[in-house]
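Novice: Take a look at the following structure, please.
The values are calculated or read from the model by the stated rules, or taken from the named source; none is laboratory data. Being a predicted model, the structure only gives us computed values, none of them experimental. We work out accessible area using only protein heavy atoms, side chains counted, and drop any ligands, DNA or RNA first. Shrake-Rupley method; radii C 1.70, N 1.55, O 1.52, S 1.80 Å.
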Amino acid sequence: MKTKLYIFKVVAKHLSFTKAAEQLYLSQPAVSKAIKNLEQEYKTTFFIRKRNSLEMPAEGTSFLVYTNKVLAIYAE
(Lines give C-alpha, C1' and ligand atoms only; values in the text may rest on other atoms or scores of the structure.)
Protein backbone atom coordinates (compact mmCIF):
# COMPACT_ATOMS: atom_id res chain seq x y z
CA MET A 1 0.00 0.00 0.00
CA LYS A 2 1.32 3.40 -0.96
CA THR A 3 0.76 6.02 1.69
CA LYS A 4 0.00 9.66 0.94
CA LEU A 5 3.39 10.56 2.43
CA TYR A 6 5.23 8.19 0.10
CA ILE A 7 3.26 9.52 -2.88
CA PHE A 8 4.18 13.05 -1.80
CA LYS A 9 7.86 12.09 -1.65
CA VAL A 10 7.83 10.65 -5.16
CA VAL A 11 5.97 13.66 -6.59
CA ALA A 12 8.53 15.94 -4.90
CA LYS A 13 11.37 13.90 -6.38
CA HIS A 14 10.07 14.20 -9.94
CA LEU A 15 8.11 17.46 -9.62
CA SER A 16 5.60 15.73 -11.85
CA PHE A 17 2.34 13.93 -11.10
CA THR A 18 2.66 11.92 -14.31
CA LYS A 19 6.21 10.68 -13.65
CA ALA A 20 5.32 9.89 -10.05
CA ALA A 21 2.26 7.94 -11.20
CA GLU A 22 4.42 5.92 -13.60
CA GLN A 23 6.95 5.10 -10.88
CA LEU A 24 4.22 4.19 -8.38
CA TYR A 25 2.12 2.20 -10.88
CA LEU A 26 -0.86 4.40 -10.08
CA SER A 27 -3.05 6.53 -12.29
CA GLN A 28 -2.20 10.20 -12.54
CA PRO A 29 -5.61 11.18 -11.11
CA ALA A 30 -4.98 8.93 -8.09
CA VAL A 31 -1.67 10.68 -7.42
CA SER A 32 -3.26 14.12 -7.85
CA LYS A 33 -6.07 13.17 -5.48
CA ALA A 34 -3.63 11.94 -2.81
CA ILE A 35 -1.72 15.23 -2.97
CA LYS A 36 -4.92 17.27 -2.93
CA ASN A 37 -6.09 15.33 0.15
CA LEU A 38 -2.78 16.02 1.91
CA GLU A 39 -3.01 19.71 1.08
CA GLN A 40 -6.56 19.85 2.42
CA GLU A 41 -5.60 17.91 5.54
CA TYR A 42 -2.73 20.28 6.32
CA LYS A 43 -4.52 23.37 4.97
CA THR A 44 -1.60 24.43 2.77
CA THR A 45 -0.24 24.15 -0.75
CA PHE A 46 2.72 21.80 -1.21
CA PHE A 47 3.04 22.28 -4.96
CA ILE A 48 2.46 25.24 -7.23
CA ARG A 49 0.86 23.90 -10.36
CA LYS A 50 2.09 25.50 -13.56
CA ARG A 51 0.89 24.61 -17.04
CA ASN A 52 3.42 21.84 -17.64
CA SER A 53 5.35 21.67 -14.38
CA LEU A 54 5.27 21.82 -10.62
CA GLU A 55 7.20 24.02 -8.23
CA MET A 56 7.61 23.39 -4.54
CA PRO A 57 7.15 26.41 -2.25
CA ALA A 58 8.70 26.61 1.22
CA GLU A 59 5.76 24.70 2.74
CA GLY A 60 6.40 21.78 0.41
CA THR A 61 10.12 21.79 1.08
CA SER A 62 9.56 21.81 4.85
CA PHE A 63 6.98 19.05 4.58
CA LEU A 64 9.40 16.95 2.51
CA VAL A 65 11.93 17.06 5.37
CA TYR A 66 9.22 15.88 7.77
CA THR A 67 8.05 13.22 5.31
CA ASN A 68 11.56 11.81 4.88
CA LYS A 69 11.96 11.52 8.66
CA VAL A 70 8.60 9.79 9.12
CA LEU A 71 9.24 7.35 6.27
CA ALA A 72 12.73 6.57 7.61
CA ILE A 73 11.29 5.79 11.04
CA TYR A 74 8.59 3.65 9.43
CA ALA A 75 11.23 1.73 7.45
CA GLU A 76 13.09 0.85 10.66
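Novice: In terms of solvent-accessible area of protein heavy atoms at a 1.4 angstrom probe, what is the ranking of 10, 65, highest value first?
Specialist: Working: 10 5, 65 80 Å².
Ranked list, largest accessible area first: 65, 10.
Novice: List, in order, the whole-Hz ³J(HN,Hα) value for each residue of segment 19-35 obtained from phi through the Karplus relation with A = 6.51, B = -1.76, C = 1.60 and θ = phi - 60°; use x for Gly and Pro.
Specialist: Values per residue, Gly and Pro as x: 5, 5, 4, 4, 5, 8, 6, 10, 6, 4, x, 5, 5, 4, 5, 4, 5 Hz.
Novice: Rank these residues by their accessible area, most exposed first, probe 1.4 Å: 67, 3.
Specialist: Output order, biggest surface exposure first: 3, 67.
Novice: Further question on the same structure: Of 4/50; 2/50; 33/69; 4/33, which sit over 20 Å apart, Cα to Cα? Each step should come with its number before you reach the end.
Specialist: Values: 4/50 22 Å; 2/50 25 Å; 33/69 23 Å; 4/33 10 Å.
Long pairs (Cα-Cα over 20 Å): 4/50; 2/50; 33/69.
Novice: Can I ask one more? With every protein chain left in place and a probe of 1.4 Å, what is the accessible surface of residue 59, to the nearest 10 Å²?
Specialist: About 90 Å², rounded to the nearest 10.
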